[in-house]
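The values are calculated or read from the model by the stated rules, or taken from the named source; none is laboratory data. Owing to the predicted nature of the structure, the values given are computational and were not obtained by experimental measurement. Cβ placement follows ideal geometry from the backbone for every residue including glycine, while neighbour counts extend to all protein chains displayed. Quick note on the areas: whole protein, heavy atoms, side chains included, nothing else; ligands and nucleic acids left out. Shrake-Rupley method; radii C 1.70, N 1.55, O 1.52, S 1.80 Å.
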Amino acid sequence: MATVRNFKFSAAVVAAAALLLSACGGSSDSASSAAVDPDVDITTQKLVISNWAGYYPEDLAAKVKEAIGVDITITNHANNEEIMGKLTASDDSGIDIAFVSGQYAQALASGGKLFNFDKAAIPNLANLYPEVADLAYDQGNNYSAPYAWGTTGICYRSDLVDFTPDSWNDLLNPKDSIKGKTTMLATERWLALPAMKLLGYSMNTTNADEIAKAKAQLVKTKPTLLAYDDTAYYTKLISGEAVLSESWDGWCNYGTAENPAIKFVIPKEGSDLWADTMVILSSSKNKEAAHAFINYILQADVHAWVANNILYKVPNKAATETLDPALVTSYPNMGLTPAELLKGEVVLDLGTDSKLYTDLATAVTSS
Amino acid sequence: MVKNGGSKTSRHLGWAWASPGLVFLTLFAAIPVLSMLFMSVLTAGRFGGVTTPINFNNFARATDPVFVQVIINSLLIAGATAFLSLLIGFPTALFISRLSRKWQVIMIVAIILPYWTNFLVRTYAWLVLLNNEGIINKFLRNIGLIDKPIEMLYTPAAVIVGMTYLYLPLMILPIYAALEKVDKNLTEAAFDLGSSAWKSLRTVSIPLAMPGILIGFIFVFVPSLGNFVVPELLGGGKTVMIGNLVRDQFLKARDWPFGATFALILALILIVLISIQSYVSKRVNVNA
Amino acid sequence: MHRRINLSAIVAVFVIIFLYLPITAVVGLSFNKSSNSLIWKGFGLDWYKTIWSNEPIMSSFQRTIFVAVLTTVLSLIIGTTISIGLNKMKAGGFLRTFSTAPAIVPDLVLAIGLLTTFSTISMSLSLTTVIISHTVFCTAFVVAVVLARIGLIDPAIEEASTDLGASAVKTLFKITIPQLMPSLIAGAVLSFTLSMDEFVIAFFTNGPETPTLPMVIYSMIRFGVTPEINVLGTLLLVISFVGVILAQRIGKVADSI
């Protein structure tokens, strides 16, 4: 008797599960429009913002409160995947504004998760470099406002490396003197980047043959690596554990700040152009305050203050013109012009083909 | 399988007591886990989440050599972790069970105390210890034993050591609990009757402690298998285990059904293990 | 007897060293003036002073304790009622396994499953969802610990109590619970410890505004191993050490009453 009861119990559980599941999934296909209601008092709204730790000035919340009267809570995510996971897992993650890299903004928008900006409420968009409005992941900046931009290159200890690196080959097929002391970025798109560029392919390619060749090179590289690291590689450079790393440009500056022997170089084969953007989630109930926040950040002096603080370039023309020249002397990559940056290839969302790169990364890292 | 028994009233009383809790577990354990595993036969939503149609493509895709290799590696690493824990955990538990009551308590507390320091902090400590420029290497170089650093970090070995470190108490405690119940007179008797120390260990202590050993093994093997934090931190991204696969598919590829497929594989391995454990456990109990 | 003890004694000592080596590193490095753990810049208490003003760490620490306490209370209640019930009906293998399974389900599986369930029932993520999630697996541990002992209790004592006219509640509090006490304490300690330390499930089921301590620590990794993390580790160690001594003192006093 007990067993029959147990069986019915399990059957009920499975049925319930199936029922629940049918409620999952599916969402509209385009971003919804956020017409800002001018009569709303934004000081009554609160914002929950998700950003990388250390990617904003410490007193940002206080300054925002002072300037536009809105209370903000900033929560951190360690990488794009983490925040994407949170945003896609439920219809309302509780987050109003997220800082995500451009290709992820593109993915979120195509899944209907973002508001299209009411541009009248963000006049400071005009402060941005005109080229930035043209970036392929969101032409026209309809749903993403660029916060910082840059490129990927090689960050190295000029005092511990006996040559000047200038090619992705220096990382992918390292000299004996630096074997075992190199790191590569772990995120799959950037993991593939050096191989793609070295072989002359686009970093957005979905061609199976090109991906296979890139994979072969990356698998060859793995035994020479110290580690795959997205976050702590500059501390490895400071301690000397690593002497040469694939690195985002601003990230390298954190190393230079502690040890001026740490330098950055863009390999001659070329690299990418990435942008970290601010997006408003369509589940947000505070879109007026959200627009005001973005507008505040894009203000020339505020954006310049951000740049000074996080040592990344900001795509804000008005702000960059007021940048302290001493900063550029200490951190040369802060002085990269839009023209130079635009030589890099914009990172795009690959939709369902993303799995090609995830599989590539899995195959390489587990080899 | 023992069926529910007892008198009718005590059975009804039993259900009265247990029902609220069982409902809670059904709602928040059974349904979530089963629905998540069920996802493996669904299709990935264009953008995260799941939709129909129901299909079994994911299982075919999971047989790709890359993934099979990851599963095999995970089993090996988790197995190594469990065996290492057993190797050093069993003698430790044995030693503790022979101490005076007061010292037993002190030792148990000493073993559990590190647990209160947050596992992330302790895992990071291994980063500092095993690093090429870290404490152990610097020490060995200072005393002239080596001139090039021993590469310990960012290797599968580092992952095994890291996980053994985390789960060792889970091996020691069940074995200690089992040994504690072993009548010390039995081992004394065996010894007095002329068996060597090793023989009495083998014929008396180990078999009687077997339920504890099996539980300890599972308590270490299972979390090791599904772990993704330690391979990431101590393995330098170079050691990929099932846990990393599940996490990557859910968070990076946003392919929930495929991630669920590996979670299902994990769950199946679990079920096999537990069945073995309970089968062996019963045989041992019958023989004892 | 001697030979056996010597070999196991050596291993036991090695194990203690093994367990405490990282702890020593954590404590030692908390005094490191440099912000990079791999470079020693001298002995100082600097980081002990700054950690109190580290708002994310302090507030998440309070939250984590709050979650752990509530989880422990809930798990004890739910776990004990399940155990009492299962014992009375002399439950077979299925129910026992069902009630203890959450303890060994891989945390990632449970975490993602709970996340999707909360989403389906439109329950927004917050500390509440974390508490529910933690209670799930802590309950399983409590059941495992209590069930083991409850089977050894002589049911005759309980029967005698009810025969003598005591109500069910009175029997529960005066007879059953005192007899289960060691298991209840073990279950409580286990639940509290597991919840305080738990990262994966909290990571997936927590709301964005209320990170727990393990989540804060994890998000700090981008800067490598900072001394503040080591200070935290040391403080946690000291607190738990003090807690254990206190518990022992209280136990002695309770015994003598």
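Below, the figures for the structure above:
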read-out: Stretch gain in nm, segment B:Ile206-B:Lys8, where the contour uses 0.36 nm per residue and the Cα spacing is subtracted; value: 67.3 nm
read-out: Separation of the C:Glu159 and A:Glu340 label points, Cα + 7 Å toward Cβ, nm; value: 8.9 nm
read-out: Listed residue pairs exceeding 30 Å between alpha carbons, taken from A:Lys46/A:Lys86; A:Lys65/A:Lys236; A:Lys46/A:Lys343; A:Lys86/A:Lys213; value: A:Lys65/A:Lys236; A:Lys46/A:Lys343; A:Lys86/A:Lys213
read-out: A:Lys119-A:Ala216 pseudo-label distance in nm [points 7 Å out on the Cα-to-Cβ vector]; value: 4.7 nm
read-out: Accessible-area composition of the protein assembly as shown, carbon plus sulfur, in percent [1.4 Å probe]; value: 65 percent
read-out: Sequence-separation-based contact order of chain A, relative, with Cα cut under 8 Å and 6+ spacing, percent; value: 26 percent
read-out: Relative contact order, percent, the range A:165-299 [alpha-carbon distance under 8 Å, six or more residues apart]; value: 32 percent
read-out: 13 Å beta-carbon shell around A:Lys220, net charge (K/R +1, D/E -1); value: +4
read-out: FRET efficiency, C:Leu152 to A:Ser283 (Cβ-Cβ, R0 45 Å, nearest 0.05); value: 0.25
read-out: Value of relative contact order over chain B, rounded to a whole percent, pairs C-alpha under 8 Å and six or more apart; value: 26 percent
read-out: Cα principal axis extents for the protein assembly as shown, largest first, Å; value: 87, 69, 56
read-out: Rg and Dmax of the range C:54-256, Cα atoms only, in Å; value: 19.6, 66
read-out: Chymotrypsin sites (Phe, Trp or Tyr not before Pro) within the range B:32-119: DSSP coil, no more than 12 neighbouring Cβ in 10 Å; value: B:Phe56
read-out: Calculated FRET efficiency for the pair C:Trp40/C:Ile17, C-beta based, R₀ 25 Å, to 0.05; value: 0.70
read-out: Using a Förster distance of 25 Å, the FRET efficiency for A:Lys46-A:Asn308 (Cβ separation, nearest 0.05); value: 0.35
read-out: Chain pair B, A: total accessible area buried, heavy atoms, 1.4 Å probe, Å²; value: 3500 Å²
read-out: Rounded if a/c under 1.5, otherwise prolate or oblate - chain A, Cα gyration tensor axes; value: oblate
read-out: Where only alpha carbons of chain B are counted, the Rg and the Dmax (Å); value: 23.2, 76
read-out: Where labels lie 7 Å past Cα in the beta-carbon direction, separation of B:Val68 and A:Asp71 in nm; value: 5.8 nm
read-out: Positive minus negative residues near C:His134 (Lys, Arg vs Asp, Glu; Cβ under 12 Å); value: -3
read-out: Stretch in chain A that is longest and holds no trypsin sites (Lys or Arg not before Pro) that DSSP places in a loop and that have at most 15 other beta carbons within 10 Å; value: A:1-174
read-out: Interface size C-B, as summed buried accessible area [1.4 Å probe, Å², nearest 100]; value: 7300 Å²
